[in-house]
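The block underneath contains the structure these notes are about, expressed in structure tokens.
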Amino acid sequence: MAQLLNTEFEGRMGPVLRLSLWTAILTVFTLGFYRFWMKTRLRRHFWAAVRPDGTPLEYVGKGIEKFTGFLIALVVLALLIGVLALLLVYASYVLFNEDFEAYLVAAVIALPLVYFASYRAKRYVYARTRWRGIRFALEPAAGRYALVAMGHLLLALVSLGLMWPRMTFKLEKFRTDRTFFGDQRLHQGGKWTELLRPFLPVLISVWGSAVAGGIIAWRFAESANAESIVIALLPLFIFIGMLGAAFFYTRYRVVALRYLANHKTAGGIGLISNLSFPSILGINIGGYILTNLATAAATFAVGALASLLLVAFYPGLSHLGIFASGAVSDGTSIGEEGMPSAEITVFFALFLYMVTFLFFSVFRQCFVVFPTWRHYASTLSLTGGEHLAQIRQRDRDEAGQAEGIAEAFDLGAAI
Amino acid sequence: MSAAGPWAPIPDGVRCELVDGKTAARHVVYALLRDGALDLSYTDEAGIELRWNWPLSHLRHVEGQGDLTWGKAPLGVYSNVMTPTARLYVRDGHLRAALEAEAPNLKRKTPVTGRGRLIGLIVGAMASVAFIVFALIPLIADQLAAGLPVEGERALGDKTYQQVRDSFGTVFPLNECTGAEGVLALEEMEARLLEVSDLDREAVQLTVLDHDMINAFALPGGRIVVMRGLIEAAEAPEEVAAVIAHEMGHVAHRDPTRHALRSVGTFGVLSLVFGDFAGGTVVLLGVNQLVNAQYSQGAESAADAYAHALLPKAGVSPGALAPLFERLKAKYGDSEGLAAHLASHPALGDRVTRAEAAAAEFEGEEQPLLSPLAWRDLQAICGDDKGDRKRKSNSVAP
Ligand SMILES: [Zn+2]
């Protein structure tokens, strides 16, 4: 008898909004240092909402772990970013009279680091996730992962994107085959070629618009009577191509995720995912519209409040009313009598910037991440539930430096 | 499922769910609250009857799961401090309420360990970052600035110039003032000063930006930006020239290049510390640094000395700087913005004294730097209407 266990999702928008708003405020007032605890509390909340077979997932990570992991990474990265960036910018100006090359080289250096860091981050999160009291785990292999990822990336690049689905599959398999639930190792089945078909529309959009654009530019560029309409259409053409690519890539991501989930097993236990692309698309479009509207409204409200405060202290600003903080942060009339000083100006500009930034992340959390999470969870089922009794506990993985570098780079910004 | 089968008598107590933290099996367990303890009895897969006894004082909430719900009803999740991976899931409202009321230590958290290590880590990390920002980066930046070829320096200057214009403009970049006669007057002033300096003819490029600030600053590659506010606040071309001569001193000593390279490293690290990934902080602080460049006291004195040596050769008294400073001081004496800014510069009073001392030694004949007509053209470089505008003013000393 194969037991089918469905996943329940118990969470409402209200508590998520309250929690993320409150922790975001704490983050602003601690100059960003509360962000480690903010993320931890949000994760606990999100994990607890997901209930396979009615039992909530648990996130047992601690803010302090994230903080110390960040401190260690900070020293390494400060050297890297401070000194290396300086050297690169210098070299770039010496050799090329611009700093574009510096950023290029920096990106090439950063790329393997990003994969390395993201694997480490996953290892920490898995090590702090439990269900039915049993720990998850990811074997330490971040260095290998970064190396393998670089190989796949190069292959994808050389094959003009054709090998991209292979990379998607192989990297997922790399991680899944090193993932444990208790003492049970997970296994990624399936074939990468199955992902090729959903990826083809992406390739066609990208290369189609590139080739068509190239032909148009080549055919009409030198013709004397310059078919200006065709040339003018070129940007439009490229825009449509990119829009198509973005659309099909989102679809590819969802289809790939579903395929990969459906071919994961853990001993006799399997997964069934009924992820739906239209739902995800709707969540994203609606979610981001709401996020931007809410961010604009909230930032305006805070700006108006800050303005009242400013006007109270600097009567010279009263003619600006609720727009005073905006004007001040733009550097209008600094230093005049009854006007704020340059330092206060910079402070206000920073404050408004931070506030906008945080509001955006709060609302995105509520209107995009939360519904996506709910959709992922509620479309997921487990098969072979009777095999769970054979899975035994595993020892705790310290995963010492928590998310370290990933934290500093804000990888996996979702939660 | 259980070996006892559906016909077995239902045990006493409330039906709950238990995981033992050893296997992923979830057991139906009957919980009975008596004598300050929770009796848990269940039958495991092997058909063996098990009894657990959890004293209420051992009961803990699972952090973050203290107030979960199950539909509309509350879902209690408890662990035992002695078996921290075991979980009891209570869906019965009465039992949960009783536990919440009677278990005394539900909210107690596991004590933080390694506090000493943590403090050491924080101090160590702060010291390392401070060393990198305040010692290593300036050291390297100074070395590199000395080796940067002129073209590279100029490219760096153009880039920083764009940043300043972009960030001070509201929607469009800040306007560059290009009134034809005004530019001619500006070029005349530039030529007069360069002629007598030890700098190349190409080494300095003067630009006026349309902004109220009373400010002028030098950028890498020898671009010297004068804000409209400064020209409006000046009462004679010599006052403007004196400020420019000071900035030429910075250019000659390559202060702006060193400074720009330093901020490349420094602000990258700062944005890392504060977790600002959009990089807005970097741009904001960076531009502020460029415009309100606070060079070291030594660099400022050196630039002053440079100006005091240069001005007489152009037939301008080094004292030309003094009246502008004095007027600023009279007007803004204790205005906090000015005072705050000057704190980092050699004291304003000192600078005036030194300018006057240099002026006392000046024996040459004072020649007007620009004709009255050219001076009027320069004042109108940003367009005529600007000249008559309400005199605005600002803190920043050159
Ligand atoms: Zn100076």
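Things worth noting here:
- Taking 0.36 nm per residue of separation and subtracting the Cα-Cα distance, full extension of the segment from B:Glu176 to B:Ala127 would add 13.3 nm.
- Shielding of A:85-98 by partner chains, average beta-carbon count, 10 Å: 6
- Calculated FRET value between B:Ala309 and B:Glu187, using beta carbons and R₀ = 25 Å, to 0.05: 0.65
- Fully extending the segment from A:Val114 to A:Asn97 would add 3.3 nm, taking 0.36 nm per residue of separation and subtracting the current Cα-Cα distance.
- Ligands, DNA and RNA left out, the accessible area of the range B:14-102 computed with a 1.4 Å probe is 53% carbon and sulfur.
- Candidates per trypsin sites (Lys or Arg not before Pro) in the range A:2-46, loop by DSSP, up to 11 other Cβ within 10 Å: A:Arg12
- Delta accessible area of at least 10 Å² on complex formation, residues of the range B:135-157, 1.4 Å probe, chain isolated as reference: B:Leu136, B:Ile137, B:Ile140, B:Leu144, B:Gly147, B:Leu148, B:Pro149, B:Glu151, B:Gly152, B:Ala155, B:Leu156
- Label point at B:Lys22 placed 7 Å out along Cα→Cβ; residues across the range B:49-78 whose backbone nitrogen lies under 17 Å: B:49-54
- Length gained on full extension, A:Ile272 to A:Arg394: 41.4 nm, using 0.36 nm per residue less the C-alpha separation.
- Those residues of the range B:73-92 whose amide nitrogen sits under 14 Å from the label point placed on B:Ser57, 7 Å along Cα→Cβ: B:81-82
- Computed packing ranks the peptides A:198-205, B:213-220 as B:213-220, A:198-205, most packed first, by mean other Cβ atoms within 10 Å.
- With the highest mean first, a sort of the peptides A:84-95, B:238-249, B:98-109 on other beta-carbon atoms found within 10 angstrom per residue produces B:238-249, A:84-95, B:98-109.
- Between B:Ile214 and B:Asn394, B:Ser395, B:Val396, the built amide H atoms are under 5 Å apart, and every one of these is 5 or more places off in sequence or on another chain.
- Measuring nothing but alpha carbons in the range A:28-159 and taking Rh as the Kirkwood radius, the Rg to Rh ratio lands at 1.09.
- Between B:Glu356 and A:Met13, the FRET efficiency from the beta-carbon distance, with R0 = 56 Å, is close to 0.20.
- Solvent-accessible area of the range A:1-91 (1.4 angstrom probe, protein heavy atoms only): carbon and sulfur portion equals 74 percent.
- Whole-Hz ³J(HN,Hα) from phi, Karplus 6.51 cos²θ - 1.76 cosθ + 1.60, for the range A:366-380, glycine and proline x: 7, 9, 10, 5, 4, x, 5, 4, 4, 5, 3, 5, 6, 9, 10
- Residues whose amide H comes within less than 5 Å of that of A:Leu271, counting only those at least five positions distant or on another chain, are A:Lys264, A:Thr383 (H built at 1.01 Å from N in the peptide plane).
- For the range A:278-293, putting each phi into the Karplus relation 6.51 cos²θ - 1.76 cosθ + 1.60 with θ = phi - 60° gives couplings of x, 4, 4, 4, x, 4, 5, 5, x, x, 6, 4, 4, 4, 5, 4 Hz, in residue order, rounded to whole numbers and with x for Gly and Pro.
- Inter-site label distance for B:Gln297 and A:Leu293 at 7 Å from Cα along Cβ, in nm: 5.9
- For the chain pair A and B, the buried solvent-accessible surface (1.4 Å probe, both sides summed) amounts to about 6200 Å².
- Using a cut-off of 20 Å between Cα atoms, the listed pairs A:Lys39/A:Lys62; A:Lys122/A:Lys264; A:Lys62/B:Lys22; A:Lys173/A:Lys264; B:Lys22/B:Lys109; A:Lys62/B:Lys107 include A:Lys62/B:Lys22; B:Lys22/B:Lys109 as exceeding that distance.
- Interchain or long-range residues, amide H under 5 Å from B:Gln205's placed H: B:Arg223, B:Ile224
- Percentage relative contact order, the range B:14-102, counting C-alpha pairs under 8 Å, at least six apart: 26
The values are calculated or read from the model by the stated rules, or taken from the named source; none is laboratory data. Keep in mind the model is a prediction, meaning the values are calculated, not measured. Note: ideal-geometry Cβ built from the backbone for every residue, glycine included; neighbour counts use all protein chains shown. For the accessible areas, the whole protein counts, side chains as well, though only heavy atoms, and no ligand, DNA or RNA atoms are used. Shrake-Rupley method; radii C 1.70, N 1.55, O 1.52, S 1.80 Å.
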